[in-house]
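The values are calculated or read from the model by the stated rules, or taken from the named source; none is laboratory data. All values reported here derive from a predicted model rather than from experimental measurement. As a convention, Cβ positions derive from the backbone with ideal geometry for all residues, glycine included, and neighbour counts pool all protein chains shown. SASA here: full protein model, heavy atoms, side chains in, ligands and nucleic acids out. Shrake-Rupley method; radii C 1.70, N 1.55, O 1.52, S 1.80 Å.
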Amino acid sequence: MKLEIWNFEFGICNYLIIVIIESSAPTRVDLAGGTVDIWPLYLFHPGAMTVNFALTLRAHVQIKTRRDQRVILESRDRKVKFETSLGGLEELARDKRLELVSKMVHFFGPETGFHLVAHSEAPAGAGISGSSALAIALIGALNRLVGGRYEDHNFIGIAANIETTVIKVPAGIQDYYPAFYGSVSGIHLRSDGVEREHLEIDETKLERRFVICYTGEPRLSGINNWEIFKRHIDGDPELFDIFERIRDTAIAMRAALLGNDWDAVAEIMRAAYPNRKRLAPNITTPHMDHLVEKALANGALAAKVCGAGGGGCIAFLCAEGRKQDVKRALAKEKGAEILDWKVAREGLVVKES
């Protein structure tokens, strides 16, 4: 919608309509295939794909237009708030206080004053793609603010490109798809483009079988994408073999989920765990290793470190009927937080009033 100034003249008074735009996008758990989704590395591994599911822990953005030219940017999570003006938007390209928010605002270049507030329901550094969910939510809200300049199919490309300029290393592509679409996804990484497949499974089984535990340690990127990128381009044979195994794990995970074969899901996760450690030995910390041992001793069948690891969240697949046992065991551990979630059936949502 294009924002217009509506003037209702009553004597000497002019009234400008205030528009409130609210958007949100879900975070995710990556079950298989992560790291292979870095362009162009997946092009060297035919059949490359990732498997993930969206969480109801969402990133939120609210934009409220103003009657002046002030631009106020605020993050409730980081407790950062500052303002500029429409004339100062060019400076946001270099801002470091709220870098992702600032770069997104600079990219869209709104022509009306506004107050933008961002916050996330996920813990900071959880490894469940909070920043990618925020990127999609920001694009949804800002695109509406500027009158729908871009079609929906452009959102993921914009998000990946702008977030890459923030993190300054090659970014994986998979995280934007659950944020945009929600539900359970198979992301196929092909030479002719990236295709998202909706995996039609009983999503309540994911909710009954998985415990997601925040370790209390913010993610410190156990996987260094730039180092892996360089090793792969240099033709490191060990890394190539690891990527092949990650690719095969994702293909097998898709088949197991679609086949409702939870024994196979557990076996695939158990087999993948040491391969991820080969990729990056510091993907887990001693505290994370302890939590995995505790969960496996109390009804968990397998564990998956979320995202790049080095902290953040671990997703535990539980034996049938043992989810509560795993939750109770982990809840007793120092720093551990059991997240309350369901599978997000919706992806990006944008509302206007």
remark   = Expressed in angstrom and ordered largest first, the alpha-carbon extents of segment 169-304 along the principal axes are 42, 38, 25
ask   = Residue by residue, what Karplus-based ³J(HN,Hα) values in Hz, rounded to whole numbers, does segment 110-119 have, using 6.51, -1.76 and 1.60 with θ = phi - 60° and x for Gly and Pro?
value = x, 10, 9, x, 6, 10, 10, 10, 10, 7
Length gained when the stretch R66-K205 is fully extended (0.36 nm per residue, less Cα-Cα span) = 45.5 nm
key: Volume of the Cα convex hull of segment 31-120, divided per residue and given in Å³   = 137 Å³
inquiry  = What does the charge count around R94 come to, taking other residues whose C-beta lies under 15 Å from its C-beta (Lys +1, Arg +1, Asp -1, Glu -1)?
reply    = 0
message = Can you list residues from other chains, or at least 5 along the same chain, whose modelled amide H is less than 5 Å from the amide H of V80?
response = S75
task = Check the straight Cα-Cα distances from K334 and name the lysines below 27 Å, setting aside those fewer than 8 residues away within the same chain.
result = K79, K277, K294, K304, K323, K342
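Rank-order 34-43, 128-137 by packing density, defined as the average count of other C-beta atoms within 10 Å over each peptide's residues, highest first.
Numbers: 34-43: 21.0, 128-137: 28.6.
My ranking of the peptides, most packed first, is 128-137, 34-43.
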ask   = In cubic angstrom, how much convex hull volume per residue do the alpha carbon atoms of segment 187-256 span?
value = 150 Å³
key: Label-reachable residues, segment 51-89, where backbone N falls under 17 Å from a point 7 Å from Y150's Cα toward its Cβ   = 61
query = Per the 1.4 Å probe, what fraction of the accessible area of segment 197-353, in percent, lies on carbon and sulfur atoms?
reply = 51 percent
Considering only the chain, percent of DSSP beta bridges that pair antiparallel, nearest 5 = 90 percent
remark   = Once amide hydrogens are built 1.01 Å from N within the peptide plane, the residues lying 5 or more places from L31 or on another chain with amide H under 5 Å from its amide H are V51, N52, F53
ask   = What ranking do 53-62, 305-314, 95-104 get when scored by the average of other Cβ atoms within 10 Å per residue, highest first?
value = 305-314, 53-62, 95-104
inquiry  = Leaving out ligands and nucleic acids, and using a 1.4 Å probe, what accessible area per residue does the chain come to in Å²?
reply    = 45 Å²
remark   = Here, GluC sites (Glu not before Pro) of segment 292-353 satisfying both criteria (DSSP loop; at most 14 other Cβ within 10 Å) are E320, E346
ask   = What list of ³J(HN,Hα) values in whole Hz, one per residue of segment 98-109 in order, does the Karplus curve 6.51 cos²θ - 1.76 cosθ + 1.60 (θ = phi - 60°) give from phi, with Gly and Pro shown as x?
value = 10, 4, 5, 4, 4, 5, 5, 4, 4, 4, 7, x
key: Under 17 Å from the Cα of K103 - lysines, other chains or at least 8 residues apart   = K81, K168
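Which pairs in the list K205/K327; K205/K351; K96/K332 are over 26 Å apart, alpha-carbon to alpha-carbon?
With Cα atoms farther than 26 Å apart: K205/K351; K96/K332.
Using a 1.4 Å probe on the protein chains only, how many percent of the accessible area of segment 67-164 belongs to carbon and sulfur? Spell out each step's value before the answer.
Values: 1950 of 4320 Å².
Roughly 45 percent, rounded to a whole number.
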task = Could you please report the charge total around D236, scoring K, R as +1 and D, E as -1 over all other residues with beta-carbon less than 13 angstrom from its beta-carbon?
result = -2
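Over all alpha-carbon pairs in the chain, figure out the percentage whose distance exceeds 38 Å. Let's see the in-between values first.
Working: 12414 of 62128 pairs.
When every Cα pair of the chain is considered, 20 percent fall beyond 38 Å.
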message = I'd like the Karplus ³J(HN,Hα) series for segment 324-339: coefficients 6.51, -1.76, 1.60, θ = phi - 60°, whole numbers in Hz, and an x wherever there's a Gly or Pro.
response = 5, 5, 5, 4, 5, 5, 6, 5, 7, 7, 4, x, 6, 10, 7, 7
